[in-house]
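Contents: one structure, followed by commentary.
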Amino acid sequence: MVDFSDKKRLDSRPRLDRLQQLQGEIFRQLMLLMPDAVAQEDVFESRVAGSPVLRMELLERHRYTHFVRLSYTFDASSGERPAPDAHIRVYHDVRMAEVTAFNSEQAFRRSAHPAYPARPLLDRGWRENSALDKWLAYLLQQGHSFETMRPSRVRIGISTEEAAAVELA
């Protein structure tokens with residue numbers, strides 16, 4: 001007889017408490033990347049041998065939260081878009097961080113509303129935050145850290161000409 005109740009599948013479905021644990025881990029990993037200079041600077045880059053340039057940009061700074069953009073820059077001369085392009089809300093008071101988008105077009109798109117069903121929002125949050133957690137672990141394994149983050153004058157996603165103008169200024 002076939003048993004259609006897949007208990008393992010039901011147990012592996014994301015729950016709010018597991019999502020919050022994941023967001024706590026994301027916060028911990030981000031603190032290993034975020035330099036103390038975030039109080040004075042808005043844009044940072046980390047260069048590690050064998051890895052693309054990692055850029056971090058503080059988009060918003062509030063008393064208890066930061067809104068951060070984190071991305072690789074593969075080849076500035078080709079004018080390609082940053083990838084992956086993660087927008088992250090960091091909650092310092094509760095020591096949690098959550099991804100809000102993975103590309104620049106979705107950075108400020110409304111992603112929740114009382115009329116939206118809760119389960120798809122939780123599932124999407126789980127997928128995006130799990131991906132960010134894995135990428136942050138990879139970045140730390142590659143050697144990126146708050147010690148390798150240096151202030152930069154080049155913002156994420158600007159054109160090659162704009163970057164050259166900033167470098168000359």
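Cβ under 12 Å from Val48's Cβ, Val48 left aside: what net charge do those residues give with Lys, Arg +1 and Asp, Glu -1?
Numbers: positive: Arg47, Arg150; negative: Glu45, Glu147.
Here the charged neighbours net out to 0.
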For Thr148, residues with placed amide H under 5 Å, excluding near neighbours: none
How many angstrom separate the Cα center of region 14-32 from the Cα center of region 39-55? 23
So for the pair Ala39, Tyr91, with labels modelled 7 Å out along Cα→Cβ, what separation do we get in nm? 2.4
Residue by residue through region 21-37, the couplings from Karplus 6.51 cos²θ - 1.76 cosθ + 1.60 with θ = phi - 60°, in Hz, x for Gly and Pro, are 4, 4, 5, x, 5, 4, 4, 4, 5, 5, 5, 6, 9, 7, x, 4, 5
Once phi is turned into θ = phi - 60°, what whole-Hz ³J(HN,Hα) does the Karplus curve with 6.51, -1.76 and 1.60 give for every residue of region 93-100, x standing for Gly and Pro? 5, 9, 6, 9, 9, 9, 7, 10
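FYI, it's all coordinate maths here, none of it is from the lab. Note that this is a predicted model, so its numbers are computed, not measured. All Cβ positions, even for glycine, are placed from backbone atoms using ideal geometry, and neighbour counts span all protein chains on display.
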